[in-house]
Amino acid sequence: MRFIVLGSGSGGNAAVVEAGGIRLLVDAGLSAKQLVTRMMASGINPATLNAVLLTHEHGDHIKGLRVMMKQLAVPIYATPATSMVVRDGGVGGSWKIFESGAGFRMNGLEIQSFAVPHDAVEPVGFTFRHEDKSFGLLSDTGHVTKLILDRLRGVNALFVEANYDDELLEADMKRPWSTKQRISSRHGHLSNAQTAALVAELIPAGLRRVVLGHLSRDCNCPVKAAAAVRAAFMEVEVCCAGQDNTCGWWE
Ligand SMILES: [Zn+2]
Ligand SMILES: [Zn+2]
């Protein structure tokens, strides 16, 4: 099993997960042109994708989807409400609908979805399991619920958002108070501290590699985010994916 982040941040999110002969694009929040360019640069011919999975309908997760689906003959997997909103937005293609919390299989790759609290219609995170390897993907999430912890416990590697540093968000002058409230609310995004606490819970269960993503440009920085997560757990490998920094392939 391996995965690569094609880009991550409020400017657009997308990743590719591979295992058991299956290749999945998770979210398509970069322009279609960028998605193709970055996949090619990472040795992925987009024509070899087996499916697209969506976490939720926000623009930074689906921006390139409409154009991509004109070129790709693969199904889009999404929850009922997410698919409805995205289809209403003009995205064609064939859709495979899964209930939030449901699991499904492609070849030997087992995919499990789980509900996350975020201000979208029906947002989810995913775990991917193949043989004895597992990977969790938790993007936009306001707070870590017991369900999220249960679902992620036992993953070997994790992509998780570390959106903002508490002090930088509070000191930020660009964002109105209401926006800051939204970001830090229980249906907004995870702070470095919240992400670090999640990682701390998952390490005893076998988590060894963490890719941090969706870092706010103004209210976070890779050094702070990585430091927060690394602080107490030297045995964990941490990388910060950015809008243009993919962290490369992670096995
Ligand atoms: Zn979102
Ligand atoms: Zn987002």
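The values are calculated or read from the model by the stated rules, or taken from the named source; none is laboratory data. Only a predicted model underlies this, so the values are computations on that prediction, with no experimental measurement involved. FYI the Cβ positions are ideal-geometry reconstructions off the backbone, even for glycines, and counts take in every protein chain you see. For the accessible areas, the whole protein counts, side chains as well, though only heavy atoms, and no ligand, DNA or RNA atoms are used. Shrake-Rupley method; radii C 1.70, N 1.55, O 1.52, S 1.80 Å.
Residue by residue, here is whether (1) at pLDDT 95 or above; (2) open to solvent by 10 Å² or more (accessible area, probe 1.4 Å) holds:
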| site | (1), (2) |
| --- | --- |
| R66 | yes, yes |
| Y77 | yes, yes |
| V85 | yes, yes |
| G93 | no, yes |
| A102 | yes, yes |
| T127 | yes, no |
| D140 | yes, no |
| R153 | yes, yes |
| F159 | yes, yes |
- Item | Scan of the range 77-110 for residues that are within 21 Å of H58 (Cβ to Cβ) and aliphatic (A, V, I, L, M), ordered by number | A78, A81, M84, V85, V86, V91, I97
- Counted residues, the range 175-189 - those being in a helix (DSSP H, G or I), in contact (Cβ under 8 Å) with a residue 24 or more places away in the chain and open to solvent by less than 50 Å² (accessible area, probe 1.4 Å): 1
- Subset of the range 202-223 [on the phi < 0 side of the Ramachandran plot, within 16 Å of ligand 1 (Cβ to nearest atom), surrounded by 17 or more Cβ atoms within 10 Å (Cβ to Cβ) and not in a strand (DSSP E or B)]: L215, S216, C219, N220
- What number of residues within the range 146-174 are more than 22 Å from L53 (Cα to Cα) and either within 16 Å of ligand 1 (Cβ to nearest atom) or part of a helix (DSSP H, G or I) (or both)? 8
- Query: Has the range 117-135 got any residue that is within 15 Å of ligand 1 (Cβ to nearest atom), in contact with a strand residue (DSSP E or B) (Cβ under 9 Å, 6 or more places away or on another chain) and either among the hydroxyl-bearing types (S, T, Y) or in a loop (DSSP other than H, G, I, E, B) (or both)?
  - Reply: yes
- Task: Among the residues of the range 35-48, count how many are over 13 Å from F3 (Cα atoms) and away from ligand 2 (no atom under 16 Å from the Cβ).
- Result: 9
- Selection count, the range 116-149, where residues are touching a residue at least 12 places away in the same chain (Cβ under 8 Å) and away from ligand 2 (no atom under 16 Å from the Cβ): 14
- Message: Which count do you get for residues in the range 86-113 that are farther than 20 Å from A14 by Cβ and assigned to a strand (DSSP E or B)?
- Response: 6
- How many residues does the range 50-64 contain that are under 16 Å from T141 (Cα atoms) and either part of a helix (DSSP H, G or I) or at pLDDT below 95 (or both)? 3
